[in-house]
1. Sort out which residues of segment 79-96 are at pLDDT 90 or above and more than 10 Å from the chain's Cα centre (by Cα), and write them in order of number.
2. If a residue has to be in contact (Cβ under 8 Å) with a residue 40 or more places away in the chain and more than 19 Å from V58 (Cα to Cα) to count, how many in segment 81-98 make the cut?
3. Within segment 172-184, is there a residue that is surrounded by fewer than 16 Cβ atoms within 10 Å (Cβ to Cβ) and either of a type in the set (A, V, I, L, M) or at pLDDT below 90 (or both)?
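The values are calculated or read from the model by the stated rules, or taken from the named source; none is laboratory data. In this text the structure is predicted, and so the values were computed from the model without any measurement. Note: ideal-geometry Cβ built from the backbone for every residue, glycine included; neighbour counts use all protein chains shown.
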Amino acid sequence: MKLIKTLTLVFAIVFAFSTLTIAQTKKTRKTGKKEIKKKAVKEARKEAKKFKKDDYHVSPGALPMEKQIETAWIRQYEIDDEGYPLYIVASGNSVANTQTAAKLQATEVAKLELAGSISTQVAALIETSIANQQFNAEEAASVTKTVAAAKSIIAQELGRTLPLFEIYRTLKNKNVEVFVRMAYNSEKAMAVAQKAISKKLEEETDIAQDKLEKLMKWDN
């Protein structure tokens, strides 16, 4: 009977502690979201003011410029439970005869910027991985060269991105300049890069398969 009472008390304490921890976590996240919102609004107002001064507009029917930019800044500030950015954000702009053509070109520029950011992160991870694995100088050089050339391949493999905002202005020569900003989930981006680079390394190097598998296990 005494043992049952003791166990009941222990379970009650554990439950209370767990409930308190969950409540504190939710409160911390809520506070974090408020801070992110506050910073995003501040940055959005400042950036929108600059864009409007440069005669940029949003498309008819679209959300106000400040609101679009605010959403973009929220994405840039968001982090996961370990403190890493949830999204990789990139921008692109282009000039063309029509808004549609300029948007397509600006989107491609932004995708390349995204791919560049991803490949830079991958290069750092692989550099560390090379140092931890038994790679000779020739193998290491081959890997580094392949990763450096993977930017365009990663861009092609990204697929759908998350549009954050799009603004445009008509120039004096009647051409249209479009500026876009987009985001891509960081975890998904690294998975895409891992797959694309693994394939390229298999095709372009003579490094043994087991070595490549160890090389690409960045979380180990």
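1. Within segment 79-96, S91, G92, N93, S94, V95, A96 qualify.
2. Of the residues in segment 81-98, 6 are in contact (Cβ under 8 Å) with a residue 40 or more places away in the chain and more than 19 Å from V58 (Cα to Cα).
3. For segment 172-184, residues surrounded by fewer than 16 Cβ atoms within 10 Å (Cβ to Cβ) and either of a type in the set (A, V, I, L, M) or at pLDDT below 90 (or both): absent.
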